[in-house]
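Below is one structure; the comments refer to it alone.
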Amino acid sequence: MKICVIGTGYVGLVGAAIFSDWGNTIVGVDIDSEKIERIKKGEMPIYEPGLSEIVLKNISEGRLSFTTSLSEGMRDAEIVFVCVGTPQSETGDADLTAVWKVAEEIGRNLETYKVIVLKSTVPVGTNEKVKKLIKDNLRFNTEFDVVSNPEFLREGYSVEDMKNPDRTVIGSDSPKALSIMKSLYAHLGKPIVEADFKSAEMIKYASNAFLASKISFINEMAQICERSGADVSVVAKGMGLDSRVGPKFLNAGIGYGGSCFPKDVAALYKTSTDQAYDFKLLRGVMEVNELQKNYFVSKIVRYFGGNLSGKTFGVLGLAFKENTDDIRESVAIEVVRILRGLGAYLKVFDPQAMYNSKKVLGEVDIKYCLDKYEAIEDTDALIILTEWKEFGTIDLERVKNSLKSHVIFDGRNILDRKKVEEARFTYFAIGKRTNGTELLSKRPTGTPGVILKNGD
Ligand code: UGA
């Protein structure tokens with residue numbers, strides 16, 4: 001099949017690569033000429049394991065090419081995928097400027113029948129509007145169909161997710177377009193959910209909002225586990241083995257971040273109020289997520305007697321999660337900002353997100369270190385903010401020899417509590433009563449000089 005993919009972000013670039021790897025001929029389009037030149041050379045604009053190999057292989061075998069010209073890219077295509085960004089606007093809903101622009105341009109350039117597929121995450125009603133916009137901009141009386149085909153890939157695992165999705169959702173009002181789309185995905189042998197436009201659009205938001213709810217749920221469970229003496233990791237394991245609950249997205253931590261969950265939960269909430277309905281549960285999900293990092297920081301502040309000035313911390317993790325260089329809406333970055341604002345000096349390390357972090361955090365009171373051991377050298381505490389696997393296997397003897405005081409704040413429950421306590425560290429985790437939390441519970445509450453919402 002001949003396919004055009006507009007947008008070379010996570011979804012577009014990975015989509016273009018995988019579609020071509022399936023034997024289709026793909027033209028990827030992006031307005032950013034510098035980015036296109038880099039991709040052509042095999043330099044990926046994002047860190048995504050396995051991606052550059054697939055891109056280079058398919059370029060060299062002639063199935064994958066890139067251009068900055070939308071009209072050229074879509075000329076021979078049977079399917080045109082729209083994979084442009086839909087960031088959060090000031091009012092909380094999705095900013096669809098890029099989608100409208102592309103729809104108008106597609107309309108102006110449509111000369112033969114094509115299926116126009118919206119893969120970008122878009123609020124309910126958008127596909128219908130795109131259909132109208134394309135129609136309004138047609139220069140010829142060309143036939144076309146619009147299809148909603150939301151993407152569910154995770155950053156850091158996007159190649160495997162795209163190759164092996166749990167399901168494919170196709171929202172369509174045309175049997176012809178539906179059958180073309182099915183022929184693209186049929187070989188995967190995975191369930192195809194046929195839907196109307198609005199249900200397809202809603203499935204994407206509902207899925208992300210549900211997963212975010214799972215995280216906020218376990219983070220609230222963590223609060224009562226810690227207070228009552230239960231261990232949230234054990235509770236999550238016991239819950240997750242129930243096939244109706246499932247084990248995934250039950251890791252308590254400092255809250256969810258990234259370019260999707262925060263914006264999609266907010267956008268779905270906005271959709272609810274637009275429909276004159278207050279989605280109360282989602283309000284709670286967002287509030288819990290906002291407070292979770294404060295609770296974590298408050299433990300650090302209380303441990304150090306309410307004053308962080310003059311303290312130096314070794315911080316491991318800046319990306320919004322493991323396996324990515326993405327720091328958009330990263331809770332780790334927010335925690336670093338709060339700690340710095342409270343007077344601390346930070347020595348930081350992340351396996352992939354150093355460059356991006358430096359751009360947003362600057363260099364005031366932050367030292368960017370070459371590895372995890374340099375970051376903790378001569379510091380007052382080790383603070384873990386991202387769930388990179390390599391942080392879970394840190395050599396505790398080396399940590400001990402590096403830290404001035406033997407205290408660890410683990411914001412991702414990535415360390416083995418027993419080993420850490422046996423190595424005689426004071427350990428703080430999320431949702432479990434460790435020797436650190438026991439210690440704090442004996443100290444007076446309150447954080448002199450520092451007010452953190454929900455801090456205690
Ligand atoms: C998320 C969804 O998982 C994808 O299905 C979806 O396609 C994508 O958004 C999107 O809409 O584009 P992603 O943003 O890559 O994918 O990240 P996740 O792996 O879902 O993690 C999101 C956040 O939740 C991270 O900050 C992570 O640290 C946090 N998280 C995740 C937890 O705190 N606990 C968990 O148990 C799982």
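The values are calculated or read from the model by the stated rules, or taken from the named source; none is laboratory data. As the structure is a prediction and not an experimental result, all values here were calculated from the model. Heads up, the Cβs are rebuilt from the backbone with ideal geometry, glycines too, and the neighbour counts pull from every protein chain shown.
Observations on the model:
- Selection of the stretch 235-255 for residues being of a type outside the set (Gly, Ala, Ser) and within 11 Å of the ligand (Cβ to nearest atom) yields 247, 248, 249, 250, 251, 254.
- Subset of the stretch 414-441 [of a type in the set (A, V, I, L, M, F, W, C) and at pLDDT below 95]: 439, 440
- When 54, 79 are checked against the criterion of being farther than 24 Å from residue 114 by Cβ, modelled with pLDDT of 95 or more and crowded, with 19+ Cβ neighbours inside 10 Å, a single residue qualifies: 54.
- The residues of the stretch 256-274 that are part of a helix (DSSP H, G or I) and either within 9 Å of the ligand (Cβ to nearest atom) or within 22 Å of residue 218 (Cβ to Cβ) (or both), listed by number, are 261, 262, 263, 264, 265, 266, 268, 269.
- Being under 20 Å from the mean Cα position of the chain (by Cα), buried (at least 16 other Cβ atoms within 10 Å of the Cβ) and either of a type in the set (D, E, K, R) or more than 10 Å from the ligand (Cβ to nearest atom) (or both) is not true of residue 160.
- In the stretch 255-271, the residues that are touching a residue at least 12 places away in the same chain (Cβ under 8 Å) and at positive phi form Cβ pairs under 6 Å with partners that are within 6 Å of the ligand (Cβ to nearest atom) and not in a helix (DSSP H, G or I), at six or more places apart or across chains, as follows: 258/320.
- Of residues in the stretch 124-157 being in a loop (DSSP other than H, G, I, E, B) and hydroxyl-bearing (Ser, Thr, Tyr), the one farthest from the ligand (Cβ to nearest atom): 142
- Boolean, residue 243 is of a type in the set (S, T, N, Q) and either assigned to a helix (DSSP H, G or I) or more than 19 Å from the chain's Cα centre (by Cα) (or both): yes
- Any chance residue 73 is at pLDDT 95 or above and among the small types (Gly, Ala, Ser): yes
- Meets criteria (out of contact with any Lys or Arg (no Cβ under 6 Å at 6 or more places or on another chain), in a helix (DSSP H, G or I) and free of Cβ contacts under 8 Å to residues at least 24 places away in the same chain) for residue 400: no
- Some residue of the stretch 17-30 being in contact (Cβ under 8 Å) with a residue 40 or more places away in the chain, among the aliphatic types (A, V, I, L, M) and part of a helix (DSSP H, G or I): yes
- Residue count for the stretch 101-123 satisfying the condition of being under 19 Å from residue 178 (Cα atoms) and either assigned to a helix (DSSP H, G or I) or modelled with pLDDT under 95 (or both): 1.
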